[in-house]
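S.K.: The structure follows.
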Amino acid sequence: MTPNSNRITSRIFILALTVIGLAILACGSSETVLSTATPTGPGTGPQTTGEAIERVREFLGEKNFENINCLETLENAVLVEWTAVALDDFNFSVTLRVEPPRLLHNVHTWAVDKRARRVESSRPTC
């Protein structure tokens with residue numbers, strides 16, 4: 001039994017084409033790259049500065065600092081000044097200034113996500 005060289009050559013050629021085809025599929029092209037989805041619509045978070053302040057107040061109302069309610073402690077200061085500003089299309093910055101200092105500082109700042117109602121503190125408040 002002598003192997004047929006034409007048969008072996010054609011099998012190697014088919015195998016090479018298969019490997020090249022799989023390599024093309026594995027590498028893909030720039031058209032098949034999926035882009036990150038950009039959120040559309042207003043989202044479920046606050047859409048005005050007043051709503052952003054209320055969201056932070058809700059957030060603080062749920063937290064305690066050494067068994068003391070954060071919101072009550074901050075708002076029982078002599079001077080309480082809430083401000084909020086829209087940083088961009090996705091976030092608000094909410095700042096609370098209190099005198100005398102309460103819960104370690106006299107100025108507290110939070111970022112509030114317009115899309116998901118998430119509140120993040122720039123430094124620990126409670």
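The values are calculated or read from the model by the stated rules, or taken from the named source; none is laboratory data. From a predicted model like this one, the values you see are computed outputs, not experimental measurements. Ideal geometry is used to build each Cβ from the backbone, glycine not excepted, and the neighbour counts take in all protein chains shown. What goes into the accessible areas is simple: the full protein's heavy atoms, side chains included, and nothing from ligands, DNA or RNA. Shrake-Rupley method; radii C 1.70, N 1.55, O 1.52, S 1.80 Å.
S.K.: Please grab the % of Cα pairs in the stretch 63-120 that end up more than 19 Å from each other.
M.R.: In whole percent, the share of Cα-Cα pairs in the stretch 63-120 beyond 19 Å is 36.
S.K.: I would also like to ask the following. Could you point to the residue in VAL98, LEU71, VAL119 farthest towards the positive end of the stretch 60-126's charge dipole, with +1 and -1 charges on the Cβ of Lys/Arg and Asp/Glu respectively?
M.R.: Final value for the positive-end residue is VAL119.
S.K.: Can you pull the accessible area of LEU79 for me, 1.4 Å probe, Å² to the nearest 10?
M.R.: Roughly 70 Å² of LEU79 is accessible to a 1.4 Å probe.
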